[in-house]
Amino acid sequence: MLEVQNLSMRFGGLLAVDQVSLDVKEHEIVSIIGPNGAGKTTVFNCMSGFYQPTGGKILFEGAEVQGKPDYKISLLGMVRTFQHVRLFSQMTVVENLLVAQHRHLNTNLIAGLMKTPNYRKKEQKSLDRAAYWLDRVGLLDLANREAGNLAYGQQRRLEIARCMVTEPKLLMLDEPAAGLNPAETKDLNRLIVSLKEDYNVSVVLIEHDMSLVMDISDRINVINQGRPLASGTPEEIRQNDDVIKAYLGEA
Amino acid sequence: MIANNMKHALFCAVITLVISYPILGFNLEARGVDITISGASTFTLVMVALAALVVFAFQLFRDHIMSALAAIPKPGSDSHKEPMEENRRAQIQSWILTGILVLALFWPFFVSRGSVDLATLVLIYVMLALGLNVVVGLAGLLDLGYVAFYAVGAYTFALLSDYAGFSFWMSLPVGALLAALFGLVLGFPVLRLRGDYLAIVTLGFGEIIRILLNNWTSLTGGPNGIGGIPEPTLFGMEFGRRVKEEGNTSFHETFGIAYSGEDKVIFLYLISLVLAVFTALVIRRFMRMPVGRAWEALREDEIAARSLGLSRTAVKLSAFTIGAFFAGFAGTVFASKQGFISPESFVFLESAIILAIVVLGGMGSQLGVILAAVAVTILPELAREFSEYRMLIFGAAMVLMMVWRPQGLIPMRRIHIELKKQE
């Protein structure tokens, strides 16, 4: 469903991403790993439209999306989280989820002012969806807290829930386990697998936590210094000499 | 400790002297063509010295005073109290608001004409501040040229009535819509800007409108302004002693009551009240609608908002347009109240005052903004005797507010949303 072909991104003299290719099929979890500064997040930023790639193509469900404005890509059903949590921190937890459902809501100003039955029905539906996902990630009791006051692990979960209420086809997670303790990482592991199994979402994952990556990925792409280094199943990657070299250094 | 305080206290006292003596201690007097400086009366000098002494004493015993103050329980703080139940709180609040509204409806019939006139001005500022609150408080776009939209509303009415004979009621929507259009047009170039840059561009826009009005003499009359702006009519009934326009009747003749100049003032007050309430209600609805949440989301984190499919362009433009719309409303009422407008009324200071109201009241908080609008408009009137020091007092009040209550008079409260448990 997602195909990245020879993606390149150049910042002035720096070639941050060089000829990276990637493909994600439906119902699949694909991980991107690599040392710090390898260009993983830059790939994400190109895919989600924050950067205009300087070369290559990105096809989502057969249509080219590179260079489209970020919000349009998101409306197509490719939604991402961020390496550093980006919540609307002064808004409450529910409001965070309601904002995300903007496109499902009737945004007609007059209908909203008049509170037409149609508007109310949609508003109620989005509230129900928000409640469902809060329950799913275990934040229902905190629904009216300010998002900025949540604990870090809760903020991470809220960010994923916020993506899921948009009913995406492809979810891009940028280091979702960063800053989580082992128990929380295990929960996250289960959550991501369930997103794939129960909600039919494909996932692209950037992660440093190898146990998480090896556990849940269907395929893994390794990037080193902007270049693709290897790709394959977790087993293949584990035994790849180049990867071991890049990660552990030469013996 | 004391020695340390002593030094600090002396310093503060000297600063007080240095600042207040030149301001209060000398008077400029015009004698014929010459201007002479004369010393102030002994009383003033004594007062200045006394003030310095008070500052000195306060700073010297600052720690004692502050700890004594801290020991007094604050009546307003409810941090240790159980928060009131959400719907009960809302109920009480709506009762109080209804009470105030009813009071506001009947109040003008018992007070002097001057007070009603002032109250109308307050309501105009309420409308302006509520509108700016959308742009600054909710959408987080610092707009220093808001007065431009106010001017557009006022001049639209003035010009339409002057050239095309439009009445107040016809001009009201036209003025508001035209101001909204200006908001939309200004919105486009500033979309990419944020923070300081946005503030400067909007400041420039405000000045451009004012200078345009000042110099386009053939259309706007330039600095001479436009006079003879008609007052609003009630179903075609005029409030003047004599009917100005053919076909209209006059209010006092229709109802067979004696003519009174006050009727007109009260009528204008009631119109402003209705419009201000309308503004508050509409914006309150907006805040709870997707568009309101989108404004806040964009203020909180633009990148996250975009990643969730919110178009920055649409959200920012809607905030600018809606904010400008209500400024147009206020402008039309203002023109009608004054009967005469000139570019003088739309200087930068107006923008600054409206912004100050929003900040004082609490960004995003409607109740706070209304309260601040009342305070900022009425206090200078009450303090007329100190008119020379008005801006001084105003500035001091701002500083004190920012020190003690940086979040504003009534900080914004988030609405509580009840969720049904899913099976």
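Treating the angle as unsigned and between 0 and 90°, give the value, to the nearest 10°, between the Cα long axis of helix A:182-199 and the longest Cα principal axis of chain A. Compared with the principal axis, the helix lies near 70 degrees. Report summary: the helix-based calculation at 222 nm, which adds -39500 (n - 2.57) for every DSSP H run with n ≥ 4 and divides by the residues of chain B, gives -21500 deg cm²/dmol. What would the Debye equation give as log₁₀ I(q)/I(0) for the stretch B:2-67 at q = 0.21 Å⁻¹, counting only Cα atoms as equal point scatterers? Values returned for q = 0.21 Å⁻¹ are -0.82.
Simple spin-label estimate for residue B:53 and residue A:187 gives 6.6 nm between the two label positions (7 Å along the Cα-to-Cβ direction from each Cα).
Could you list log10 I(q)/I(0) for the protein assembly as shown at q = 0.05, 0.06, 0.11, 0.12 Å⁻¹, which the Debye formula gives when each Cα is one point scatterer? Summing over Cα pairs of the protein assembly as shown leads to -0.35, -0.49, -1.17, -1.27. Here is the list for the stretch B:236-336: chymotrypsin sites (Phe, Trp or Tyr not before Pro) lying in DSSP coil, each with at most 15 other C-beta atoms within 10 angstrom of its C-beta, are B:255, B:259.
Mean separation of Cα pairs under 8 Å and 6 or more residues apart, divided by the residue count, gives chain B a relative contact order of 24 percent. Measuring against 25 Å, Cα to Cα, the residue pairs A:68/B:316; A:57/A:169; A:40/A:196; A:68/A:125 contain A:68/A:125 as the ones spanning a longer distance.
Report the antiparallel proportion of the DSSP beta bridges in the protein assembly as shown as a percent, rounded to a multiple of 5. Within the protein assembly as shown, antiparallel bridges account for around 60 percent of the total.
What Kirkwood Rh does the stretch A:89-167 have if only Cα atoms enter the pairwise 1/r average? Answer in Å.
Details: mean 1/r = 0.0780 Å⁻¹.
Computed over Cα pairs of the stretch A:89-167, the Kirkwood hydrodynamic radius comes out at 12.8 Å.
Placing a label point 7 Å from the Cα of residue A:236 along the Cα-to-Cβ line, the residues of the stretch A:21-52 whose backbone N sits under 19 Å from it are A:21-34.
Rounded to the nearest 0.05, what FRET efficiency do residue B:212 and residue B:170 have when you use their Cβ-Cβ distance and R0 = 22 Å?
0.35
Give the Kirkwood hydrodynamic radius (Å, one decimal) of chain B, defined as one over the mean of 1/r across all pairs of different Cα atoms.
Values: mean 1/r = 0.0405 Å⁻¹.
It is 24.7 Å.
What does the charge count near residue B:117 come to, summing +1 for each Lys or Arg and -1 for each Asp or Glu among other residues with Cβ under 15 Å from its Cβ? Combined, the nearby Lys, Arg, Asp and Glu give 0. Using a cut-off of 12 Å between beta-carbons, work out the net charge of the residues near residue B:128 (Lys and Arg +1, Asp and Glu -1, residue B:128 not included). With Lys, Arg at +1 and Asp, Glu at -1, the net is -2. Label positions at residue B:15 and residue A:25, each projected 7 Å from the Cα along the C-beta direction, are separated by 7.3 nm. Here the 3J(HN,Hα) profile of the stretch B:258-268, calculated from phi with Karplus coefficients 6.51, -1.76 and 1.60 at θ = phi - 60°, is 5, 5, 9, x, 6, 3, 4, 5, 5, 4, 5 Hz, Gly and Pro shown as x. What the Cβ-Cβ distance of residue B:68 and residue B:382 gives, at R0 = 25 Å and to the nearest 0.05, is a FRET efficiency of 0.25.
Here the stretch B:300-423 was treated as a single set of alpha-carbon atoms; its pair distances binned every 5 Å from 0 give 2, 8, 11, 16, 17, 16, 12, 7, 5, 3, 1, 1, 0, 0 percent. Between B:124, B:23, B:229, the Gaussian network model of chain B with springs among Cα atoms under 10 angstrom shows the greatest mean-square fluctuation at B:23.
Here the spin labels are modelled as points 7 Å beyond Cα on the Cα-Cβ line, and at residue B:92 and residue A:125 they lie 3.9 nm apart. Computed over neighbours whose Cβ is under 12 Å from that of residue A:139, the net charge equals +2, Lys and Arg +1, Asp and Glu -1.
Read-outs: derived from the displayed coordinates by stated rules, not from any lab. Fair warning: this is a prediction, and the values are worked out from it, not measured in the lab. So basically every Cβ, Gly included, is an ideal-geometry build from the backbone, and we count neighbours across all protein chains shown.
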